[in-house]
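Notes follow once the structure below has been shown.
The values are calculated or read from the model by the stated rules, or taken from the named source; none is laboratory data. On a predicted model such as this, the values are computed, not experimentally measured, just so you know. Please note: Cβ atoms are built from the backbone with ideal geometry, for glycine as well, and neighbour counts cover all protein chains shown.
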Amino acid sequence: MIRSIAEPSSRIRAMAHDDLSMVSDIERRSYEFPWSHGVFRDCLLAGYHCVVLERDGRIAGYGILSVAAGEAHILNLCVDPNYRSLGYGERLLDAILLQARSAKVREIFLEVRPSNVTALALYRKKGFHKVARRPAYYQATEGREDAAVLAKKLISYDR
Ligand SMILES: CC(C)(COP(=O)(O)OP(=O)(O)OC[C@H]1O[C@@H](n2cnc3c(N)ncnc32)[C@H](O)[C@@H]1OP(=O)(O)O)[C@@H](O)C(=O)NCCC(=O)NCCS
């Protein structure tokens, strides 16, 4: 495909330790209660599937997936506030779902704040549905906020 000169180039690749300062910066600008740099480092060290979306050499978003015993869990999915509504969140989610399918995962889960209407719209669009509620799961400005647990069944390509 021929791209126009003005169109930024973007790709999804594995997250590296050198990415963590940019990733943490996006995290701090995106969440009221952000993960620390150390949490991202631990995800890499634990061997979780960590990906970034790079746009013209800068990180525009990231996703983190853990896989165990035939189940997967999306631990984080985030796009730089400057680059939202450009389709990057959906591309990152597609990449994560592909990794989960490659790992022969049968079902994929995530937690989301019920107040996060944007993320809920994205997950519903991609076929996730609510399966449970975890009371007082999230830190909130006043007290705690419940989490909605969403899930999607997957069929591996090579089964
Ligand atoms: C949720 C998030 C990742 C979406 O990323 P994004 O790149 O802006 O989303 P996309 O452009 O790929 O949009 C994909 C879908 O998301 C939903 N969506 C995106 N922006 C939306 C908005 N402003 N309002 C409502 N729905 C929206 C739509 O369903 C959209 O599909 P459509 O374009 O066909 O309508 C992004 O808003 C984000 O990083 N939020 C902060 C971090 C966060 O809350 N992460 C989820 C934690 S569980």
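Points to keep in mind about this one:
- From the list Leu77, Leu120, the one residue that fits, being in a strand (DSSP E or B) and under 20 Å from Val149 (Cβ atoms), is Leu77.
- Condition check for Ser24: free of Cβ contacts under 8 Å to residues at least 12 places away in the same chain and among the polar types (S, T, N, Q): no
- Taken as a whole, region 23-32 holds at least one residue that is charged (D, E, K, R), within 21 Å of Glu111 (Cβ to Cβ), within 14 Å of the ligand (Cβ to nearest atom) and touching a Cys at 6+ places or on another chain (Cβ under 7 Å).
- For region 27-57, the set of residues classified as touching a helix residue (DSSP H, G or I) at 6+ places or on another chain (Cβ under 8 Å) and either part of a helix (DSSP H, G or I) or surrounded by fewer than 14 Cβ atoms within 10 Å (Cβ to Cβ) (or both) consists of Glu27, Arg29, Ser30, Ser36, His37, Phe40, Arg41, Leu44, listed by residue number.
- Of all residues making up region 58-70, the number that are modelled with pLDDT of 95 or more and either assigned to a loop (DSSP other than H, G, I, E, B) or not charged (D, E, K, R) (or both): 9
- Residue in region 122-133 that is closer than 19 Å to Ser30 by Cα, touching a helix residue (DSSP H, G or I) at 6+ places or on another chain (Cβ under 9 Å) and within 15 Å of the ligand (Cβ to nearest atom) present: yes
- If only residues of region 132-151 that are out of contact with any Asp or Glu (no Cβ under 9 Å at 6 or more places or on another chain) and surrounded by fewer than 14 Cβ atoms within 10 Å (Cβ to Cβ) are counted, the one that is nearest to Gly89 (Cα to Cα) is Ala132.
- If the condition is being within 14 Å of the ligand (Cβ to nearest atom) and under 15 Å from His73 (Cα atoms), then region 135-159 contributes Ala147, Ala148, Val149, Leu150, Ala151, Lys152.
- Close pairs from region 85-105: first part of a helix (DSSP H, G or I) and modelled with pLDDT of 95 or more, partner within 12 Å of the ligand (Cβ to nearest atom) and of a type in the set (Asp, Glu), Cβ under 9 Å, at least 6 apart: Tyr88/Asp80
- Among the residues of this structure, Val79 does not count as one that is more than 11 Å from the ligand (Cβ to nearest atom), among the β-branched types (Val, Ile, Thr) and crowded, with 16+ Cβ neighbours inside 10 Å.
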